[in-house]
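Here is the structure we will look at, set down as structure tokens.
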Amino acid sequence: MANNLRLLGAVMFLFGVGAMVNVPLRAQPAKQAIAHRGASGYAPEHTLASYRLAMEQKADFVEPDLAVSRDNVLICLHDDTLERTTNVAEVFPDRPSANVPGRARGNGKRWLANDFTIAELKRLDAGKWRDPKFAGERIVTFQEMIDLVRGHAGLYPELKSPQLYKSRNVDQVNLFVDLIKKNGLERPESLRTTPIIIQSFDEEAIRRVAIDLPTIPRVFLTSSDADLTDARLKELATFATGIAPEKALIAKHPDMVPRAHAAHLTVTSWTFSASEKTSFPTVRDEMSHFLYTLGIDALFTNNPDQFPRRP
Ligand code: G3P
Ligand code: CA
């Protein structure tokens with residue numbers, strides 16, 4: 001496993017550097033499984049249980065979505081708010097946030113993670129919403145996630161909602177860059193054993209990490225047809241090393257895969273889940289189609305154990 005990771009790290013490092021200096025790739029890395037919010041098909045997303053299972057299932061990368069606590073600690077959380085994946089409504093019934101952008105669930109109340117300190121967030125249960133057997137799982141800090149995964153799998157952090165934090169005078173990108181550097185994750189010797197790829201829907205965030213963390217590959221996420229034109233792909237390649245369209249977009253424009261490769265961008269897609277009904281008999285068949293028929297390089301899946309390593 002350690003040797004595999006070193007090889008993968010070396011390939012990813014060369015891939016990132018190659019894309020930065022616009023050098024055509026000579027060797028394609030193997031297809032890569034990214035555990036979406038951990039092995040979230042089986043365990044509550046973004047918990048240590050989910051991340052541990054992802055590694056047991058041999059995911060190449062584990063994905064943390066990143067949010068920021070009130071006291072500026074990066075935490076692993078998909079939603080900006082806490083009510084879907086924690087018992088915040090029980091623990092802090094009198095602390096819903098005002099004027100939260102986006103759609104509310106249930107009683108309409110929402111609890112922004114950014115309104116709570118890390119000490120308060122650690123009081124929440126992040127497992128029992130999924131199943132009582134996961135009661136006691138906690139919100140995980142990005143540092144705790146790094147400490148768990150480093151040396152065993154790659155890291156694939158997503159900068160979620162940087163503009164929300166900006167509106168609250170919080171520089172999420174800066175907090176992220178500082179933590180990456182504090183851990184030395186951008187150094188070539190670290191990238192060889194623990195590859196890391198940064199992802200975001202936020203173009204400004206990707207442009208900033210291209211400057212602040214140039215050794216780390218970075219992937220621009222999109223749901224927009226407008227990002228798939230040749231001109232746009234060429235522009236993306238000036239600051240990103242890869243593009244990650246959602247799978248429906250690739251299915252609609254399968255020609256974008258060779259065009260993106262020609263622009264020296266990797267192609268990743270999301271999200272492949274055994275619980276979703278699709279036109280494929282199994283999620284393994286669906287992943288196989290995107291990887292080996294359409295030719296994408298990597299994908300996010302809730303079921304890393306179903307990832308097809310070959311056609
Ligand atoms: O980050 C890739 C994929 O995870 C995007 O979807 O909403 O699960 O973060 P989401
Ligand atoms: Ca994500």
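In a residue-by-residue description of segment 121-143, the property of being buried (at least 23 other Cβ atoms within 10 Å of the Cβ), touching a Phe, Trp or Tyr at 6+ places or on another chain (Cβ under 7 Å) and within 30 Å of SER190 (Cβ to Cβ) applies to no position.
Within segment 228-270, the residues that satisfy the criterion of being part of a helix (DSSP H, G or I), under 19 Å from the mean Cα position of the chain (by Cα) and more than 13 Å from ALA298 (Cβ to Cβ) are LEU236, ALA248, LEU249.
For segment 233-247, state whether one or more residues are acidic (Asp, Glu) and in contact (Cβ under 8 Å) with a residue 12 or more places away in the chain. So far as segment 233-247 goes, yes, one or more of its residues are acidic (Asp, Glu) and in contact (Cβ under 8 Å) with a residue 12 or more places away in the chain. Search segment 265-285 for residues being open to solvent by 70 Å² or more (accessible area, probe 1.4 Å) and within 14 Å of ligand 1 (Cβ to nearest atom), and hand back the single one that is farthest from LYS247 (Cα to Cα). Taking the candidates together, the pick is SER275. In the condition set (1) over 30 Å from ASN87 (Cβ atoms); (2) within 16 Å of ligand 2 (Cβ to nearest atom), PRO162 is compliant with all but (1).
For segment 168-221, filtered to residues that are in contact (Cβ under 8 Å) with a residue 40 or more places away in the chain and of a type in the set (Asp, Glu), the residue that is farthest from ligand 2 (Cβ to nearest atom) is GLU204.
Kindly indicate the residue of segment 62-84 that is in contact (Cβ under 8 Å) with a residue 60 or more places away in the chain, within 16 Å of ligand 2 (Cβ to nearest atom) and assigned to a loop (DSSP other than H, G, I, E, B) and also surrounded by the most Cβ atoms within 10 Å (Cβ to Cβ) among those meeting that condition. Among residues in segment 62-84 that are in contact (Cβ under 8 Å) with a residue 60 or more places away in the chain, within 16 Å of ligand 2 (Cβ to nearest atom) and assigned to a loop (DSSP other than H, G, I, E, B), the one surrounded by the most Cβ atoms within 10 Å (Cβ to Cβ) is GLU63.
The values are calculated or read from the model by the stated rules, or taken from the named source; none is laboratory data. Computed from a prediction, not measured in an experiment: that's the story for all the values here. Glycine gets a Cβ as well: all are built from the backbone with ideal geometry, and neighbour counts include every protein chain shown. Side chains are part of the model used for accessible areas, which takes the heavy atoms of the whole protein and leaves out ligands, DNA and RNA. Shrake-Rupley method; radii C 1.70, N 1.55, O 1.52, S 1.80 Å.
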